[in-house]
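One structure below.
The values are calculated or read from the model by the stated rules, or taken from the named source; none is laboratory data. Just so it is clear, the model here is predicted, and its values are computed rather than measured. We place every Cβ from the backbone using ideal geometry, glycine too, and count neighbours over all the protein chains shown. We work out accessible area using only protein heavy atoms, side chains counted, and drop any ligands, DNA or RNA first. Shrake-Rupley method; radii C 1.70, N 1.55, O 1.52, S 1.80 Å.
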Amino acid sequence: MIKNIVVFFLFTVALVGAEVPRVALPPPGPSRYYIHVVNGLSKLGLLVHCQSKDDDLGYHRLLNHGDDYQWNFKVNFWGTTLYWCKLETPHTYVSFESFWPETQHLWLRDRCKHGTVGTCIWTAKDDGIYLRNFLANVDELIHKWIYKR
């Protein structure tokens, strides 16, 4: 009996003293995000409708090249904040997620990090929707327009 207790005690000491490997977690993201939708079209106006599960931001007409619709928010406690947008011209449209939570991959966070601020800039251009990649200092084509019938 005492032998079992000693073995158990030594086993416990060995476990407690063993170093537990640490998992590298991604750095925390910005606490507030700013989302922009910009009209970069050469000719046409743009109709923008963005929303989340809890917050419909309404319809906005961006009539001129360079017009910008924007909003900001804090990511919710559970880290599940999700926004999506539908952009339309008279002949084309596209629907896409404009912000989503990231826990494993940091694709969106890497592109939308502008210093310590989370800024996602989505620009509608003649050939599709671009997302500004601040790290690379370029606009990346993410979505192509879908033609209406």
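Miscellaneous remarks
- For the pair residue 57 and residue 143, the difference between a 0.36 nm per residue extended length and the Cα-Cα distance amounts to 28.8 nm.
- When peptides 53-60, 122-129 are ranked by their average number of other Cβ atoms within 10 Å per residue, the highest-first order is 122-129, 53-60.
- Solvent-accessible surface of region 37-116, taken per residue with a 1.4 Å probe and all protein chains present: 62 Å².
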